[in-house]
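Reading through the structure tokens given below for one structure.
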Amino acid sequence: MPLARSLSVTSLSGLEEWDEEFDREDAVLFEIAWEVANKVGGIYTVIQTKARLTCEEWGENYFLVGPYMESSVRTQVELIEPCNATLRRTIDKMNSSGCKAYFGRWLIEGSPYVILLDVGFTAWSLDRWKIELWENCSIGVPWFDREANDAVLFGFLTAWLLGEVTLTTKLFISVSSHFHEWLAGLGLVLCRQRQLPVATIFTTHATLLGRYLCAGSVDFYNKLAEFNVDKEAGDRQIYHRYCLERAAARCAHVFTTVSQITAIEAEHLLKRKPDIVTPNGLNVKKFSAMHEFQNLHAQSKARIQEFVRGHFYGHLDFNLDKTVFLFIAGRYEFSNKGADLFLEALARLNYLLRVNHSEVTIIAFFIMPARTNNFNVETLKGQAVRKQLWDTAQTVKERFGKKLYESLLVGQLPDVSKMLDKEDFTMMKRAIFATQRQCLPPICTHNMLEDSSDPILNCIRRIGLFNSAQDRVKVIFHPEFLSSTSPLLPMDYEEFVRGCHLGVFPSYYEPWGYTPAECTVMGIPSISTNLSGFGCFMEEHIADPSAYGIYILDRRYRGVDESCNQLTSFLFQFCQQSRRQRIIQRNRTERLSDLLDWRYLGRYYVSARHMALAKAFPDTYIYEPQEPTSATGFRYPRPASVPPSPAHSLHSSPHHSEAEDEEEPYDEDLEVEKDRVNIRQPFNLPNRNKNQTVGLPEKN
């Protein structure tokens, strides 16, 4: 059973001391985001997974603020009465003034309080608030941009809420508010413009202009300092959105981003250097025994293999025990997510496997939602044929077993040639005939609405990966998020990831990257890039990331062709690993999950909140900033055991078979202990007295 992970990593020497004496009884924290109880993006994962830790820190004084979405509220929120008199008066006053505000508990870990604001109910105020926004901030929002209109409504409602809290409160002396992304940022701007006594933090998880520029095939990182940001935003008709985002970043007491690479981007595009980098974490749970997550991998892999048997019926000319499952998943941004580079690398990998006469088969899954109208009939037929064959085999097995039982019961050895009668052979021949197929296995599992212009399908047509018998690399495009109720691949995303061997995320624009992080905590190796926040974070904390199953692709200092060759090399090396080497690597990868636990990464948010309080209320709080460090306190060394792949072996050490590998001495517990002992500090922290205020917010 899963156990709460003990944070052995964070207890190592070299980690900074953090003050836990901060009195929060008379302080309150509001965290505002469009994604609160509203699953529309990666920020939802950030807030949902962080909520438990923040609830432990702030208790009853922590409130999430988001939009009221009836469909989400029905399943995710328990509506209740406000928990204190201040909020009760505030919500009652807003509701009596033409607004609809709801109070409840979000039904996730930690059960945080939520305040949900109905933006649709107050749409009658949109024109009036737009005029106020123009007169006070000189920001005009066009009528046709519905998302920006929602941001205006949500921003004014949020500022209204915080204003009422500061006016009516008798419980809270200090009010903190943390705003995520431009959709919520207008509330922060209005708080500062109205001079509300509120400490404000703004976190950008990705800049608007950065995402648009990268999607337009611009040499983004080399020309970052040269962009005319106003012109670029205007050319893309997002100038009003850009103004909202930039205003929030400039007005906040504390400005944060999720990674160092995004901090550089924000400094150039939003014209403010972030005060703190707040990496994204996950709630990590440790299994009581090392082999348990390996068993989950085997179970999930078996379910994927069942899908593959149906999808490739009639062309199942490869050994599933020698098949490696790769996948890429996320928002359908063909270039930003690196799907273009992945496909090109797969074509080159296919050539390498064929010329080397490899017995390994690669199946690459693309899990990216696109516009479809239904399942592909041929794909559905494949799963139906597979189930029919299974039923036939079970029927024949039962008939065979009954005859065998009767023969043994009378004390006779069965005549095997007579155990199967004519009817059994007829059933089996019909089943074999049903597996005959004239066409190749489909690439796409659904019918695409824009098949001729789809980037992934067009790229597959260009490189010629059509799932033919000669190809060692097969491609399956699943243009829909995974669901356990799907008739095709009835697995949820977590189960699917556990069943794969390698996640491939060669992103060009990825401010953080939750997909490789989720792979890591599940013990699945992944490929990331040095242009993603996750990749940069791992490079800072691990001496040799590839030894731990974190392959970092260089997309910052290499050209596209060089990066593609490097990705092909990573994939080819991974394919050469034996089963035992992959098991060892998964064990190492899973150990890195401590790095991504909110109980470690959450301290960056603690620091940001303390800094904001000290800036907003200098007479009450003290915070003396210090220089940020690239890697906080520790760094994983290269493991001392066997190399992660044959490419790192000496030529004098031939590649062993799986049977030979099993005889090699390997003690996982001993390797873990060696890694812990060898963890080194990348810098020396100065000795400090806990009573000093350097870096530690204290109350006067």
### Query
Is there any pair linking a residue in region 360-388 that is on the phi < 0 side of the Ramachandran plot to one that is assigned to a strand (DSSP E or B) and of a type in the set (D, E, K, R), with Cβ under 8 Å and at least six apart or on different chains, and which?
THR361/LYS474; ILE362/LYS474; ILE363/LYS474; ALA364/LYS474
### Task
Kindly state which helices (runs of 4 or more DSSP H) lie completely within region 391-469 and contain at least 3 residues that are modelled with pLDDT of 90 or more.
455-463
### Task
List every residue pair whose Cβ atoms lie under 8 Å apart, where the two residues are 6 or more positions apart in sequence or sit on different chains, the first residue falls within region 128-154 and is not assigned by TED's automatic domain parsing to the domain that holds LEU190, and the second residue, located anywhere, is modelled with pLDDT under 95 and of a type in the set (Gly, Ala, Ser).
none
### Query
If only one of SER563, SER484, SER528 is free of Cβ contacts under 8 Å to residues at least 60 places away in the same chain, among the polar types (S, T, N, Q) and either assigned by TED's automatic domain parsing to the domain that holds ALA215 or in contact with a helix residue (DSSP H, G or I) (Cβ under 7 Å, 6 or more places away or on another chain) (or both), which one is it?
SER528
### Query
Name the residues in region 471-509 that are at pLDDT below 95 and over 21 Å from the mean Cα position of the chain (by Cα), would you?
THR485, SER486, PRO487, LEU488
### Query
If you go through region 577-586 one residue at a time, do you hit one that is in contact with a Gly (Cβ under 8 Å, 6 or more places away or on another chain), surrounded by fewer than 22 Cβ atoms within 10 Å (Cβ to Cβ) and not small (Gly, Ala, Ser)?
yes
### Count of region 138-164 residues which are under 30 Å from CYS83 (Cβ atoms) and either buried (at least 20 other Cβ atoms within 10 Å of the Cβ) or basic (Lys, Arg) (or both)
13
### Set GLU378, GLU398: member being among the acidic types (Asp, Glu) and surrounded by 13 or more Cβ atoms within 10 Å (Cβ to Cβ)
GLU378
### Query
Which one of these is hydrophobic (A, V, I, L, M, F, W, C), more than 21 Å from the chain's Cα centre (by Cα) and surrounded by fewer than 16 Cβ atoms within 10 Å (Cβ to Cβ): ALA233, ALA247, ALA252, ALA225?
ALA225
### Query
Has region 120-137 got any residue that is crowded, with 17+ Cβ neighbours inside 10 Å, charged (D, E, K, R) and more than 33 Å from the chain's Cα centre (by Cα)?
yes
### Query
Can you pull out the residues in region 212-243 that are closer than 17 Å to ALA263 by Cα, at pLDDT 95 or above and hydroxyl-bearing (Ser, Thr, Tyr)?
TYR242
### Task
Have a look at GLU292, GLU359, GLU378, GLU306 and point out the one that is closer than 30 Å to TRP598 by Cα and acidic (Asp, Glu).
GLU292
### Message
Could you go through region 67-83 and let me know if any residue there is of a type in the set (D, E, K, R) and under 19 Å from THR122 (Cβ atoms).
### Response
yes
## Note on the structure
A careful count of residues in region 76-107 that are surrounded by fewer than 16 Cβ atoms within 10 Å (Cβ to Cβ) and closer than 18 Å to CYS55 by Cβ gives 4
### Query
From the list GLN237, GLN260, GLN299, GLN294, which one is touching a Cys at 6+ places or on another chain (Cβ under 7 Å) and either in the same structural domain as GLN193 (by TED's automatic domain parsing) or under 25 Å from TYR514 (Cα atoms) (or both)?
GLN260
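Scan region 540-557 and give yes if some residue there is of a type in the set (Phe, Trp, Tyr), modelled with pLDDT of 95 or more, over 16 Å from the mean Cα position of the chain (by Cα) and crowded, with 22+ Cβ neighbours inside 10 Å, otherwise no.
Just the residues of region 540-557 that are of a type in the set (Phe, Trp, Tyr), to begin with: 548, 551, 557.
From the residues that got through so far, the ones that are modelled with pLDDT of 95 or more too are 551.
When the remaining residues are screened for being over 16 Å from the mean Cα position of the chain (by Cα), the result is 551.
Okay, now just the ones that are also crowded, with 22+ Cβ neighbours inside 10 Å, so 551.
Yes; the residues of region 540-557 include at least one that is of a type in the set (Phe, Trp, Tyr), modelled with pLDDT of 95 or more, over 16 Å from the mean Cα position of the chain (by Cα) and crowded, with 22+ Cβ neighbours inside 10 Å.
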### Task
Give me a count of the residues in region 307-319 that are buried (at least 17 other Cβ atoms within 10 Å of the Cβ) and farther than 13 Å from THR435 by Cα.
3
#### Entry: Test for LYS337: is it within 30 Å of ALA233 (Cα to Cα), in contact with a Gly (Cβ under 8 Å, 6 or more places away or on another chain) and among the charged types (D, E, K, R)
yes
### Message
I need every pair where a residue in region 228-240 that is within 13 Å of ILE139 (Cα to Cα) has its Cβ under 7 Å from the Cβ of a residue that is of a type in the set (A, V, I, L, M), sequence separation at least 6 or different chains.
### Response
ILE238/LEU208; TYR239/ALA233; HIS240/ILE139; HIS240/VAL141; HIS240/ALA148
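Matching residues to (1) of a type in the set (A, V, I, L, M, F, W, C); (2) under 26 Å from ILE304 (Cβ atoms); (3) loosely packed, with under 13 Cβ neighbours inside 10 Å; (4) not assigned by TED's automatic domain parsing to the domain that holds PRO516:
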site	(1), (2), (3), (4)
ALA339	yes, yes, no, no
ALA347	yes, yes, no, no
ASP391	no, yes, yes, yes
LYS402	no, no, yes, yes
#### Entry: Evaluation of GLN195 against (1) on the phi > 0 side of the Ramachandran plot; (2) within 25 Å of the chain's Cα centre (by Cα) (one fails), failing number
(2)
### Query
Which members of region 566-607 meet the condition of being more than 21 Å from the chain's Cα centre (by Cα) and not assigned by TED's automatic domain parsing to the domain that holds PHE505?
VAL606, SER607
### Message
With the structure loaded, tell me whether ARG371 is farther than 29 Å from GLU590 by Cα and either surrounded by fewer than 20 Cβ atoms within 10 Å (Cβ to Cβ) or of a type outside the set (S, T, N, Q) (or both) or whether it fails that test.
### Response
yes
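So which of VAL77, VAL40 is out of contact with any helix residue (DSSP H, G or I) (no Cβ under 9 Å at 6 or more places or on another chain), of a type in the set (A, V, I, L, M, F, W, C), modelled with pLDDT under 95 and over 23 Å from THR169 (Cα atoms)?
So the residue among VAL77, VAL40 that is out of contact with any helix residue (DSSP H, G or I) (no Cβ under 9 Å at 6 or more places or on another chain), of a type in the set (A, V, I, L, M, F, W, C), modelled with pLDDT under 95 and over 23 Å from THR169 (Cα atoms) is VAL40.
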### Task
For ALA370, indicate whether it is in contact with a strand residue (DSSP E or B) (Cβ under 8 Å, 6 or more places away or on another chain) and closer than 21 Å to PRO525 by Cα.
no
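The values are calculated or read from the model by the stated rules, or taken from the named source; none is laboratory data. Just so it is clear, the model here is predicted, and its values are computed rather than measured. FYI the Cβ positions are ideal-geometry reconstructions off the backbone, even for glycines, and counts take in every protein chain you see.
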